[in-house]
Amino acid sequence: MNNTRENGSEYLVGKCMGMCPNAEMRLRQRERLIHPLEMAVGENGQRTNVAQARFMVKEYSRSAAGHEIKASDIRPQPVLVKTLRYLLSNACNHTDVRWAKVYQFISDRLQAIQQDMCIQSLCNFQAVRIHQAVVRFFLYAHYRTCEHDLSDFDPYLNKTQLIKTLTIMINMYKDLDLQRDPKEEVSSIYKNARIEAEGLYMLVHFGDTKALQHSLELPEYTRSSELVMLVLQMNLSWFIGNYVRVLRLAAHLPPIFICAFHPHLTAVQRKALKVMSHAYSNKMLAYDKEDLTKTLMFAHPKDLVEVCQHYKIEVAENGIKFKKGSFDEEADLMKSRRVRWIEDKLDALSLSELFLPEELAP
């Protein structure tokens with residue numbers, strides 16, 4: 001069914017009232033294309049080969065030229081919110097299926113939600129918040145799965161989806177600002193949501209001058225907020241080469257913001273060690289391992305030692321010995337890994353609390 005806007009343009013309104021269209025359910029059941037999370041659980045607690053229709057969720061499929069889009073296959077916004085809640089408060093918590101499989105399932109189904117939103121041209125505050133929940137999921141997934149093999153998790157594809165969603169979300173906020181009466185007071189919920197979105201955008205694009213320029217063009221209530229100012233200070237510290245301050249400031253970030261910064265952590269640590277190799281060069285003295293571990297936000301002194309050895313920095317019994325010219329600038333950047341202090345922050349929240357904005361929570 002198509003409706004008409006005030007400007008005369010048509011838009012489609014979804015009519016599918018389940019998480020998965022009936023036609024797709026029948027097709028996937030017939031072809032045995034059921035994900036483990038969509039299968040029933042037997043009395044022994046093990047997954048069976050029987051599809052559980054009420055837990056089936058619409059798959060993402062690429063648009064094909066000439067393919068007719070039916071309203072019966074598209075979920076309206078209330079159903080999309082229901083599906084989002086199921087994915088990010090229920091499906092994400094299953095432990096009988098490997099996390100890599102859980103990630104692949106949720107990532108695919110979130111893209112299908114976004115596709116249904118795009119087809120219906122949804123642009124309202126709740127739609128923005130749906131994208132915001134998707135952003136949170138992709139940020140967390142990058143952190144949780146950073147040590148996995150490429151067969152389990154492709155960081156490039158995850159980041160591509162993350163940036164695509166962030167861009168959509170930022171543009172939707174701009175559109176909503178244009179639609180709002182300038183004399184109308186902005187609600188605190190809207191302000192906090194916009195502040196989170198812009199802060200995450202700056203962290204994902206950490207060290208990017210275009211993102212820094214973007215921050216200067218934000219509304220005053222966003223630009224002057226404590227959270228955006230913190231992220232801005234981190235960026236400015238990076239640009240002037242104060243890498244230790246970047247790390248000190250990062251310790252004050254909320255959990256999901258830590259996930260956004262985490263992919264940059266190894267690069268900041270590398271820069272700091274390179275600078276220290278010149279600034280603290282001394283044949284007689286050694287930098288205490290415990291102190292340097294805390295300063296550079298490593299989880300354990302053994303992690304610091306491993307990184308120093310990777311970059312050809314001398315590791316002695318009494319500490320780390322910095323020498324000019326010893327730092328190996330040709331060495332590859334160390335791969336990201338999970339960190340205990342980040343785990344502690346994340347463990348304070350359930351995944352549902354981490355992913356879902358308050359007004360979308362079950």
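Listing for the model above:
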| item | result |
| --- | --- |
| Residue among 159, 183, 174 that alone is basic (Lys, Arg) and under 29 Å from residue 105 (Cβ atoms) | 159 |
| 2 or more residues modelled with pLDDT under 95: qualifying helices (runs of 4 or more DSSP H) within region 20-138 | 22-30, 99-119 |
| Enumeration of residues in region 178-203 that are open to solvent by 20 Å² or more (accessible area, probe 1.4 Å) and among the small types (Gly, Ala, Ser) | 187, 188 |
| Matching option when the condition is in contact with a helix residue (DSSP H, G or I) (Cβ under 6 Å, 6 or more places away or on another chain) and open to solvent by 20 Å² or more (accessible area, probe 1.4 Å), among 63, 89 | 89 |
| Residue among 125, 206, 138, 153 that alone is in contact with a Ser or Thr (Cβ under 6 Å, 6 or more places away or on another chain) and either more than 25 Å from residue 232 (Cα to Cα) or open to solvent by less than 60 Å² (accessible area, probe 1.4 Å) (or both) | 153 |
| Those helices (runs of 4 or more DSSP H) lying entirely in region 252-362 with at least 1 residues surrounded by 13 or more Cβ atoms within 10 Å (Cβ to Cβ), without any contact (Cβ under 8 Å) to a residue 60 or more places away in the chain and of a type in the set (A, V, I, L, M) | 255-279, 289-295, 301-310 |
| Every pair of residues 6+ apart whose Cβ atoms lie under 9 Å, when the first sits in region 199-218 and is closer than 17 Å to residue 246 by Cβ while the second is open to solvent by 40 Å² or more (accessible area, probe 1.4 Å) and among the acidic types (Asp, Glu) | 202/208 |
| Residue count for region 28-60, restricted to those that are open to solvent by 70 Å² or more (accessible area, probe 1.4 Å), among the aliphatic types (A, V, I, L, M) and closer than 15 Å to residue 91 by Cβ | 1 |
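The values are calculated or read from the model by the stated rules, or taken from the named source; none is laboratory data. Computed from a predicted structure; not experimentally measured. In this analysis, Cβ positions are derived from the backbone assuming ideal geometry, glycine residues included, and neighbour counts consider all displayed protein chains. Please note that ligands, DNA and RNA were not included when accessible areas were found on the heavy atoms of the full protein model with its side chains. Shrake-Rupley method; radii C 1.70, N 1.55, O 1.52, S 1.80 Å.
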